[in-house]
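The structure appears right after this line, and notes come after that.
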Amino acid sequence: MAESKTIEVENISVTFAGGVQAVAGISLKLSVGETLGLVGESGSGKTTLAKALVGLNRPESGRVVVEGRDLTGLTRSDRLWLRQRVQMIFQDPLSSLSPRFTIRKLLAEPLAIHGLNAKERWPAVLDLMSRLGLAETQLDKFPHQVSGGQARRVAIARALVADPSFLIADEPTAGLDVSVQGELLNLLSDLQQRFSLGILIVSHNLNVIGRVTDRVAIMYLGKVVEEGPTREVFRAPKHPYTRALLSANPVIDPEHKRKKIVLSGEIPSPSKPPAGCRFHTRCPNVQPRCREEEPLLTEAENGRRYACHFPLESAA
Amino acid sequence: MTEDALVEIRNLSIDFATGRGAVHALREVNLSVGRRRIVGLVGESGSGKSTLALALLGLLPENTSKVTGSIELEGKNLLALKPEQLEHLRGRRIAMIFQDPMTALNPVFTIGTQLVDAQRNRHPRLGRKELLKRAAAMLTRVGISDPKTRLSAYPHQLSGGMRQRVMIAMALLCEPDVLIADEPTTALDVTIEAQIVDLIKDIQAEFSGSIIFVSHSLGLISELCDEVAVMYAGKVVESGPTRSLFERPSHPYTQALLACEIDPDTEPGERLVTIKGGLPDLVDVPSGCIFAARCPARFDKCSQEPALREVAPGHNAACWLV
């Protein structure tokens, strides 16, 4: 294939009926073999953005380009092609699996939809199942007959049977106990290596993002405020919102050594975002300029980008 | 057992009837909550922490088939009370903050009406006007600006963080001796969670009662609580002062839980720790140590059930290795 194996998002905006601009001009890139984390609080637009990548939301402006093909004005056949290249796993696995299909049927359906030869493909499906720790004896069970953890794996298997290049995972660990959360994350990283997937993980769990992603984009009210290699962003955040998020993340600290930065105020409604910098109403470092002029996302060293008039100095 | 315990739970066992037989949700739980203390209950799904919270409120579900042991509030056994006596205690001496304020608040009544109703049990003699005044003052106290306007608002008109503040205000208006907070921040964003945790700390500083804080987040527990009880499959497997417990986690389950926490500072690409296996069947509870089947340190003796033994002052763990 001549085209680069990437998903490129160019300046997209998504507005819902009622005028809520959930995503307001975002550009991002995801390549195969890479894990990108998308972090933000409720209403920041992270799920809306993720859905735009699988064609479930139509941007009103901007473009989404998957492996060289522009998704703007998708035709039916484009859509089918897209679904094969980019798959999504949803937050609640059980509700994303039809209760009336056996696991066998759930796994065979994507092959039929994409016109793949099920007989030829079946050994690969079984191989995928064993990688996911699912026994063949479970093939004839219904989703409600397996445990929650297994249902999650079935959802992942179903996403991967048609051999996509990209996997979008919306809060894959939400609601999981810590003892099994690691198992799921280990699994995703194994699958990534095995199938050289490009993975986008949407999460509000900073520990998860910090541990499993290569790059991270921090969203606030429909905008990316900071992006870059995860380790560097976490070590030395440039945007005050990133710093506050990292600081609010509960960590084990029985001696209370860490000083938290607790932001005051509520997250403004995305239907009426503040003028100027969208974060200015809660920013501890706000200056008059921030209320009037919106900072642009600018490139910095080491492939980092941030949108702040007064970026934080790296801690010495 | 502390001297001035406000709540003393002794040998509490609770069963639920199901089609498969009795589920032993709690087994011989002992817990002591001192006055002005924040006690954390930590454990994964199925550990029994919510059952314990409901038992304190006298709100056990209808299929509860067996309750033995005692829950004493200042020496009075709550389990021996009649339903009407319990009702009298709820909202006066014991109050609860629920996980999801959207479902705990009534959507068709204003915040003001709900805050007034919550106080009726506590202040039966005060009129609506007086109670509204108290409600407004409490909203200011929990950090809600413009309380007058908020009193006439409906729950859906408030943000998630504000709704949780309303829930906290409602609980505090009852002036309870015991405040139970069941995962009060799970539905909230991290920056709002930090605000609520700060608020709970502030309240504790001027509140004469005790707080029982139920959570699955060891991080939150370590930041907020004075004491911690770690629960697994219906048992308290380790308990003690927060610092001692985190410095010297002594039960293999506590150690495993701590190891599962993702440390963002370690190298990416390292395998994440998990606890192999699953919860034991609580209908047919295995004999011996409840954690044995998943324990990396299991040995012969684990076929007998270990009692809680002291590791450090006030810090106990139920493991043969301590």
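The values are calculated or read from the model by the stated rules, or taken from the named source; none is laboratory data. Please read these numbers as outputs of a predicted model, since none were measured by experiment. Here Cβ is always computed from backbone atoms with ideal geometry, including for glycine, and neighbour counts include all displayed protein chains.
Restricting attention to the stretch B:184-223 and to residues that are among the charged types (D, E, K, R) and more than 9 Å from chain A (Cβ to nearest Cβ), the residue that is farthest from A:S203 (Cα to Cα) turns out to be B:E206. Of the helices (runs of 4 or more DSSP H) contained entirely in the stretch B:141-211, those carrying at least 1 residues that are farther than 27 Å from B:L31 by Cβ and touching a Pro at 6+ places or on another chain (Cβ under 7 Å) fall at B:160-173.
Looking only at the stretch B:294-306, decide whether some residue is within 12 Å of chain A (Cβ to nearest Cβ), modelled with pLDDT of 95 or more, in contact with a Phe, Trp or Tyr (Cβ under 6 Å, 6 or more places away or on another chain) and in a loop (DSSP other than H, G, I, E, B). So far as the stretch B:294-306 goes, no, none of its residues is within 12 Å of chain A (Cβ to nearest Cβ), modelled with pLDDT of 95 or more, in contact with a Phe, Trp or Tyr (Cβ under 6 Å, 6 or more places away or on another chain) and in a loop (DSSP other than H, G, I, E, B).
Only a single criterion out of (1) at pLDDT 90 or above; (2) assigned to a helix (DSSP H, G or I) is not satisfied by A:L167, namely (2).
Inside the stretch A:46-93, residues that are on the phi > 0 side of the Ramachandran plot and either in contact with a Lys or Arg (Cβ under 8 Å, 6 or more places away or on another chain) or β-branched (V, I, T) (or both) make up a count of 2. Scanning the stretch A:250-269 for any residue that is under 28 Å from A:P172 (Cα atoms) and either of a type in the set (G, A, S) or away from chain B (no Cβ under 11 Å) (or both) turns up at least one such residue.
Can you find a residue in the stretch A:294-305 that is of a type in the set (S, T, Y), away from chain B (no Cβ under 12 Å), under 25 Å from A:S61 (Cβ atoms) and free of Cβ contacts under 8 Å to residues at least 40 places away in the same chain? Spell out how you get there, then give the answer.
Within the stretch A:294-305, the first condition is being of a type in the set (S, T, Y), and the residues that meet it are A:298.
Narrowing further to those that are away from chain B (no Cβ under 12 Å): A:298.
From what is left, the residues that are under 25 Å from A:S61 (Cβ atoms) are A:298.
Then keep just the ones that are free of Cβ contacts under 8 Å to residues at least 40 places away in the same chain; that gives A:298.
Yes; the residues of the stretch A:294-305 include at least one that is of a type in the set (S, T, Y), away from chain B (no Cβ under 12 Å), under 25 Å from A:S61 (Cβ atoms) and free of Cβ contacts under 8 Å to residues at least 40 places away in the same chain.
Residue-wise test of (1) within 9 Å of chain B (Cβ to nearest Cβ); (2) acidic (D, E); (3) over 16 Å from the mean Cα position of the chain (by Cα).
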position	(1), (2), (3)
A:I199	no, no, no
A:H204	yes, no, no
A:V208	yes, no, no
A:D214	yes, yes, no
A:A217	no, no, no
A:K223	no, no, no
A:E227	no, yes, no
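Tell me yes or no: at least one residue of the stretch A:259-273 is farther than 22 Å from A:K46 by Cβ and of a type in the set (D, E, K, R). Reasoning before the result, please.
Taking the stretch A:259-273 and keeping what is farther than 22 Å from A:K46 by Cβ, we get A:259-260, A:262, A:264.
From what is left, the residues that are of a type in the set (D, E, K, R) are A:259-260.
Scanning the stretch A:259-273, I find at least one residue that is farther than 22 Å from A:K46 by Cβ and of a type in the set (D, E, K, R), so the answer is yes.
Going by what's in this entry, would A:Q181 be described as surrounded by 22 or more Cβ atoms within 10 Å (Cβ to Cβ), over 16 Å from the mean Cα position of the chain (by Cα), within 12 Å of chain B (Cβ to nearest Cβ) and not aromatic (F, W, Y)? In short, yes. For the stretch A:135-164, enumerate the residues that are more than 15 Å from A:L188 (Cβ to Cβ), part of a loop (DSSP other than H, G, I, E, B) and of a type outside the set (D, E, K, R). If the condition is that a residue be more than 15 Å from A:L188 (Cβ to Cβ), part of a loop (DSSP other than H, G, I, E, B) and of a type outside the set (D, E, K, R), then A:A135, A:L139, A:F142, A:V146, A:S147, A:V161, A:A162 are the ones that fit. Scanning the stretch B:55-78 for residues that are free of Cβ contacts under 8 Å to residues at least 60 places away in the same chain and surrounded by 18 or more Cβ atoms within 10 Å (Cβ to Cβ) turns up B:A55, B:L78.
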